[in-house]
Amino acid sequence: VYGAEVSKDTISRITEAVIEELGAWQSRPLDRVYPVVFIDAIHVKLRDGKVVNRPVYTVVGVTVNGERDILGLWVGDGGEGAKYWHQVLSEILNRGTVDVCIVVCDGLRGLPEAIADVMAFLLSSESAPITGALVPVDAPA
């Protein structure tokens, strides 16, 4: 970058150091409650032997203090799909989140069902103040 030359060995050492921290960040416990969670996939070009388009599944939560928290980034292996979102959302819950009030997402086919399926225990638990209130914003009342 900018005319600087860096050896492959230096890049490997830096990558190894970052990978350890990245692994800890990816598996860190999450807050129990996020009033709002935004989910979307960003399509990027990655070099994996050749240049390929991959979705990067992105989840951003808003904490009870109003701060944004990147809950995770996952690189998919094909096009964006509700099945992969199901895995991502399951991981969010497995990392300690027990309540999400609003999930903001696009209109990907099958996504509302994936959200409802993963979050079903929240809707049926005694601690959840909302029961059966998941409806798309653009749906008729």
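The values are calculated or read from the model by the stated rules, or taken from the named source; none is laboratory data. The shown structure was predicted, so the numbers you read here are calculated from the model rather than taken from an experiment. For neighbour counting, all protein chains shown are included, and Cβ atoms are generated from backbone atoms with ideal geometry for every residue, glycine included. Side chains included, ligands, DNA and RNA excluded: accessible areas come from the protein's heavy atoms. Shrake-Rupley method; radii C 1.70, N 1.55, O 1.52, S 1.80 Å.
Pairs only if they're at least six apart or on different chains, beta carbon under 6 angstrom, first in the stretch 106-117 and open to solvent by less than 30 Å² (accessible area, probe 1.4 Å), second modelled with pLDDT of 85 or more; list them, first residue then second.
GLY110/ALA82; LEU111/ALA82; LEU111/TRP85; LEU111/CYS105; ALA114/ALA82; ALA114/TRP85; ALA114/HIS86; ILE115/VAL103
Wholly within the stretch 33-141, which strands (runs of 3 or more DSSP E) include no fewer than the required count, namely at least 2 residues that are at pLDDT 85 or above and more than 13 Å from the chain's Cα centre (by Cα)?
In the stretch 33-141, 33-48, 50-62, 99-104 are the strands (runs of 3 or more DSSP E) which contain 2 or more residues that are at pLDDT 85 or above and more than 13 Å from the chain's Cα centre (by Cα).
Select from the stretch 1-28 the residues that are among the hydrophobic types (A, V, I, L, M, F, W, C) and part of a helix (DSSP H, G or I) and write down the one among them that is nearest to GLY72 (Cα to Cα).
That would be TRP25.
Given the residues ILE70, ILE92, which is the only one that is among the hydrophobic types (A, V, I, L, M, F, W, C), under 21 Å from LEU22 (Cβ atoms) and open to solvent by 30 Å² or more (accessible area, probe 1.4 Å)?
Working: ILE92 fails: open to solvent by 30 Å² or more (accessible area, probe 1.4 Å).
One residue alone meets the criteria, ILE70.
Look through VAL37, VAL98, VAL59, VAL52 and report the one residue that is surrounded by fewer than 17 Cβ atoms within 10 Å (Cβ to Cβ) and within 20 Å of VAL118 (Cα to Cα).
None of the others qualify; the one that does is VAL98.
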